[in-house]
Amino acid sequence: DCNYTRDALIKSDSRALRLAFAIGHVHMKNRDHVDECVRCVCQCARSEYCRRDICGRRLYLYIANICKRFVNNASILRFSLKFFNWTSTTNERIAELSDAGVTGVIITVMKRHQRNAGVLAPGMLFLTRAAACHPPAMATILRMKATPSIITALMALYSDEILQLEGLKMVQT
């Protein structure tokens, strides 16, 4: 989490990413280990070098599984959803994650945590970006009947004008 040392660790080396993920994977039943794992992996997703490794190894599938397993833990979910946003820096990556089922996982998480702005904000951000550039993501949103959850999320995110605007555009579409 340190802004001074993080870049030196992840700029051109994915060992920190792999180590953090391995610890979380081995201790998948321990909520505290998984929470720290997701936080570290999320920070690693800030680096393009690590993002390429994440996509190459399809680590986002494991993080989606963690979201399903710890669907009641807001801390794990918050950083998992941030991870999805920080990993999907291009339209191709958004499509890749959406095709892998991340859109459905995010909708399920948002339905479960309708009043938690820390979980809803990164979820709404991913959904608005995915719906804008990947039609199958919008189809998933419609198929899962997520519009009421999105409107509820917009009410919970009343102080974030940018997410409000993007969310309203998505609902209009």
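Hey, if we sort Lys169, Lys11 by accessible area with the 1.4 Å probe, largest down, what's the order?
Lys11, Lys169
Excluding ligands, DNA and RNA, what is the solvent-accessible area per residue of region 50-103 at a probe of 1.4 Å, expressed in Å²?
40 Å²
Between Thr89 and Ile162, how many nm apart are label points set 7 Å from Cα along the C-beta direction?
1.6 nm
Give the carbon-plus-sulfur fraction of the accessible surface of the chain in %, rounded to a whole number; probe 1.4 Å, heavy atoms of protein chains only.
Of the solvent-accessible surface of the chain, carbon and sulfur hold 54 percent.
In degrees, nearest 10, range 0 to 90: what is the angle between the Cα axis of helix 102-112 and the longest Cα principal axis of the chain?
Between the helix axis and the principal axis of the chain, the angle is about 70 degrees.
So what is the 222 nm mean residue ellipticity for the chain from helices alone, if each DSSP H run of at least 4 adds -39500 (n - 2.57) and you divide by all residues, rounding to the nearest 500 deg cm²/dmol?
The helix-only estimate for the chain comes to -23500 deg cm²/dmol at 222 nm.
Given axes a ≥ b ≥ c from the Cα gyration tensor, I'd like to know whether region 62-130 is rounded (a/c under 1.5), prolate (a/b larger than b/c) or oblate.
prolate
Would you mind classifying the chain by shape? Square roots of the alpha carbon gyration tensor eigenvalues, ordered a ≥ b ≥ c; an a/c under 1.5 is rounded, otherwise it is prolate if a/b is larger than b/c and oblate if not.
Here the chain falls in the prolate category.
Of the options Gln172, Ile10, Ala64, report the single residue whose Cα projects farthest towards the positive end of the charge dipole of the chain (beta-carbon charges: Lys, Arg +1; Asp, Glu -1).
Ala64
Assuming a ≥ b ≥ c are the square roots of the Cα gyration tensor eigenvalues, decide whether region 13-101 counts as rounded (a/c under 1.5), prolate (otherwise, with a/b larger than b/c) or oblate.
oblate
Lysine pairs, Cα distance under 27 Å, 8 or more residues apart or cross-chain: how many in the chain?
Close lysine pairs found across the chain: 13.
What size of dipole, in debye to the nearest 20, comes out for the chain about its Cα centre when the only charges are +1 on Lys and Arg C-beta atoms and -1 on Asp and Glu C-beta atoms?
I would put it at about 460 debye.
The values are calculated or read from the model by the stated rules, or taken from the named source; none is laboratory data. Owing to the predicted nature of the structure, the values given are computational and were not obtained by experimental measurement. Note that each Cβ is placed from the backbone with ideal geometry, even for glycine, and that neighbours are counted across all protein chains shown. All accessible areas refer to the heavy atoms of the entire protein, side chains included, with ligands and DNA or RNA removed. Shrake-Rupley method; radii C 1.70, N 1.55, O 1.52, S 1.80 Å.
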